[in-house]
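> There's a structure below that I have some questions on.
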Amino acid sequence: MKRPYALLLSAALLGTAAMGLAGCGGSASQAPADTLRVGVTNFADSLEPTDNYFAWVVMRYGIGECLTKFDDMMRPQPWIAESWTVSDDKLTWTFKIKDNVVFSNGNKVTAEAVKSSIERVFEKSDRAKTFFDYDAITADGQTLTIRTKTPVPTMPGMLADPLFLIIDTSVTDRDYRTEGPIATGPYVVKSFQKSNCVLEANPNYWDGDVPFKHLEVPSIDDPNTRAMSLQSGETDVIVNVASGDLPLFEDKEKYDISEMASLRSALARLNVAPGHPMHDKRVRDALISACDRKTYCDVILKGTFIPGGPAVPPSLDYGFDQLSDPNAYNVDRANKLLDEAGWKDTDGDGIREKDGQKLTMNFVYYSSRAELPIFAEATQADAKKVGIDIQLQSVDYNVLDGMAKEGDYDLIISNILTANTGDPEVYLNWYWKTNVNGSNPQNGSGYSNPQYDALSDALAVEFDPAKRREIMIQMQQILLDDGAVLVFGYPKTNMVSSTRVTGARILPADYYWITKDIRPAGQ
């Protein structure tokens with residue numbers, strides 16, 4: 001199949017950059033033995049954990065920790081909390097806070113401190129209630145009690161999300177945006193800019209020694225430049241190496257590669273609100289059918305993505321193989337659907353029109369993840385073949401997030417972690433379901449389906465794992481049948497490190513980047 005020039009160029013650029021890096025060979029000034037340097041992509045212009053998804057960065061940089069954390073199988077495990085129980089009526093959760101945990105300023109982490117931290121999240125973040133809603137939070141010594149308004153089957157997993165990292169709210173003279181919160185992680189902020197964060201070892205860290213005195217986290221959005229930084233010795237660890245650059249790090253004497261099938265889906269939300277072309281289901285079905293996702297993933301991205309379909313990736317056991325995609329690649333079907341919807345190319349310019357309007361859509365993307373511009377360009381090229389004009393718009397991630405909430409797009413792309421609370425419930429709720437009050441500030445797509453919303457409501461109070469799984473399988477099939485989302489594929493994720501250090505691992509929950517386990521080699 002002949003691929004469009006722009007698309008081939010994107011892929012070629014990855015390979016060309018990789019070839020150039022291979023010739024760089026030389027080593028830049030290596031960091032002192034007491035300094036760790038980690039090259040990342042950073043979307044946060046602030047370390048205020050209740051803004052946007054910036055708590056992820058606070059945790060990724062080793063600053064903050066939660067009551068619980070996920071293991072390799074995405075099961076919640078003790079972290080700041082040592083244990084928890086739920087009442088017989090499923091409305092009251094009791095957490096026992098470890099007695100030895102202290103904030104970086106030396107203050108003890110009590111249940112009262114945890115209570116204040118969680119309450120602050122609900123006061124400042126409109127995302128908090130998408131996880132759970134509470135009637136009361138009480139504290140007694142090291143015992144924290146949360147009584148919820150409805151049963152919350154996955155509460156320990158909810159509290160593992162970085163949004164709920166525990167901070168010392170008694171500190172009121174600190175600018176969290178530039179200094180970060182006082183938290184419990186192994187590192188504390190010395191200075192922060194979006195382009196670079198400088199940290200130091202937490203002198204009061206509660207969970208063992210901190211292996212490096214100094215930590216530098218440069219934000220290197222271009223994936224090829226990140227690869228070059230590790231090759232040249234400017235960084236010790238880099239996150240999410242582009243597919244074309246991974247072969248540069250196969251020398252096991254110099255590098256360690258930690259790679260796994262991720263819990264992520266790369267997808268485009270489709271605006272189905274009135275006034276947008278894809279309000280007509282035939283148009284969105286046609287667009288999805290026009291996209292050759294198998295070629296995007298297998299050829300352009302060299303097999304580093306599994307071709308997309310259902311909302312939840314096959315790395316999670318939620319019915320991937322039993323779900324049916326009615327909008328599989330079929331150009332003839334796409335053309336037929338557009339004809340039926342009344343879109344015709346009457347002036348011969350290759351773009352369909354209806355009622356004097358061209359069939360034009362804007363596609364908003366960000367480029368810090370190398371695959372996203374490629375998916376956007378691929379969609380543009382394949383859509384044009386069936387008479388749809390896609391206009392690409394590259395924006396900063398923070399701008400993109402606001403546009404997503406406001407519905408200021410026709411297509412908007414993201415690479416999304418699908419099980420940030422241990423299973424896909426919040427992911428499936430977050431983007432599609434309307435709240436009980438009739439609105440969802442995070443859902444600008446205009447999508448709503450009564451059957452889907454009813455299943456989402458049932459899922460929210462279901463404790464039985466088998467029943468939860470079946471509900472989420474049904475929800476995914478509805479999304480497929482409705483043509484509500486264009487899932488491009490499911491990526492692998494990786495972390496590559498110099499053998500100067502050990503313990504650098506990528507985990508399913510990809511907010512555990514910098515931990516106390518990354519140590520100088522030989523320690």
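> For the Cα atoms of the chain, what angle does the longest principal axis make with the long axis of helix 450-459, in degrees from 0 to 90, nearest 10?
Between the helix axis and the principal axis of the chain, the angle is about 20 degrees.
> Same structure, new question: Hey, got the dipole for the chain? About the Cα centre, +1 on K and R Cβ, -1 on D and E Cβ, debye to the nearest 20?
Here the chain has a charge dipole of around 460 debye.
> So which lysines pass the test for K108, namely a Cα distance under 23 Å, with those fewer than 8 places away in the same chain ruled out?
K69, K96, K98, K190, K213, K516
> Okay, moving on. Please report Rg over Rh for region 194-238, where both radii come from the alpha carbon positions and Rh follows the Kirkwood definition.
Rg/Rh for region 194-238 comes to 1.08.
> Here's a follow-up. How much accessible area per residue does region 214-267 have, in Å², with a 1.4 Å probe?
On a per-residue basis, region 214-267 sits at 37 Å².
> How many Å² of accessible area per residue for region 50-208, probe 1.4 Å?
39
> Ratio of alpha-carbon Rg to the 2.2 N^0.38 Å globular estimate for region 257-368, to two decimals, please. Before the final figure, lay out the partial values.
Details: Rg = 16.6 Å, N = 112, 2.2 N^0.38 = 13.2 Å.
In units of the 2.2 N^0.38 Å rule of thumb, it is 1.26.
> Which one of W56, A268, S315 is farthest out on the positive end of the charge dipole of the chain, using unit charges on Cβ (Lys, Arg +1; Asp, Glu -1) and the Cα centre as origin?
Farthest along the dipole direction, towards plus: S315.
> Another one. Hey, what number do you get for the chain at 222 nm if only DSSP H runs of n ≥ 4 count, each worth -39500 (n - 2.57), divided across all residues, to the nearest 500?
Computed mean residue ellipticity for the chain: -7500 deg cm²/dmol.
> What range in the chain is the longest one free of GluC sites (Glu not before Pro) that are in a loop by DSSP and have at most 11 other Cβ atoms within 10 angstrom?
254-523
> Further question on the same structure: Just the number, please: Stokes-Einstein D of region 300-454 in µm²/s, Kirkwood Rh from C-alpha pairs, 25 °C, 0.890 mPa s.
138
> Pop the C-beta distance of D99 and V331 into the FRET formula with R0 = 56 Å and round what comes out to the nearest 0.05.
0.30
> Using only the Cα atoms of region 115-231, what do you get for the radius of gyration and for Dmax, in Å?
Rg, Dmax (Cα atoms, Å): 17.7, 53.
> Counting only residues 5 or more places away or on other chains, whose amide H sits under 5 Å from the amide H of V101 once H atoms are built in the peptide plane?
Under 5 Å from the amide H of V101 lie the amide H atoms of V109, each far enough along the sequence or on another chain.
> Simple spin-label model, 7 Å along Cα-to-Cβ: K190 to K252 in nm?
Going from the K190 label point to the K252 one covers 3.6 nm.
> Looking at region 167-292, what % of the alpha carbon pairs are farther apart than 24 Å?
Working: 4571 of 7875 pairs.
The calculated P(r) of region 167-292 puts 58 percent of pairs beyond 24 Å.
> Let me ask something additional. How high is the FRET efficiency between L392 and D517 when r is their beta carbon distance and R₀ equals 45 Å, given to the nearest 0.05? Don't jump to the answer; show the numbers that get you there.
Numbers: r = 40 Å, r/R0 = 0.90.
Efficiency, rounded to the nearest 0.05: 0.65.
> Roll a 1.4 angstrom probe over the protein heavy atoms and tell me the percent of accessible area of the chain that is carbon or sulfur.
Carbon plus sulfur share of accessible area: 49 percent.
> Work out from phi, with θ = phi - 60° and the Karplus expression 6.51 cos²θ - 1.76 cosθ + 1.60, the ³J(HN,Hα) of each residue of region 49-56, listed in order in whole Hz, and give x for Gly and Pro.
x, 8, 7, 6, 10, 5, 4, 4
> Taking θ as phi - 60°, what are the ³J(HN,Hα) couplings along region 106-121 by the Karplus curve (6.51, -1.76, 1.60), each to the nearest whole Hz, with x for Gly and Pro?
Taking θ as phi minus 60°, the curve returns x, 5, 6, 8, 9, 4, 5, 5, 5, 4, 4, 5, 5, 4, 4, 4 Hz for region 106-121.
> Which whole-Hz couplings ³J(HN,Hα) result when phi for each residue of region 367-374 is put into the Karplus expression 6.51 cos²θ - 1.76 cosθ + 1.60, θ = phi - 60°, listed in order with x for Gly and Pro?
With the stated coefficients, region 367-374 comes to 10, 6, 9, 4, 6, 5, x, 5 Hz.
> Putting +1 on Lys and Arg Cβ atoms and -1 on Asp and Glu Cβ atoms, find which of T92, T154, I374 reaches farthest to the positive end of the dipole of the chain.
Of the candidates, I374 comes out farthest on the positive side.
> Cα-based Rg (one decimal) and Dmax (whole number) for the chain, in Å?
23.6, 75
> Continuing with the same structure: Keeping every protein chain present and rolling a 1.4 Å probe, give me the accessible area per residue for region 450-523 in Å².
Values: 2600 Å² over 74 residues.
Dividing the accessible area of region 450-523 by its residue count gives 35 Å².
The values are calculated or read from the model by the stated rules, or taken from the named source; none is laboratory data. Computed from a predicted structure; not experimentally measured. Cβ sites come from the backbone with ideal geometry, for glycine too, and all protein chains shown count toward neighbours. For accessibility, only protein heavy atoms count, side chains too; no ligands or nucleic acids. Shrake-Rupley method; radii C 1.70, N 1.55, O 1.52, S 1.80 Å.
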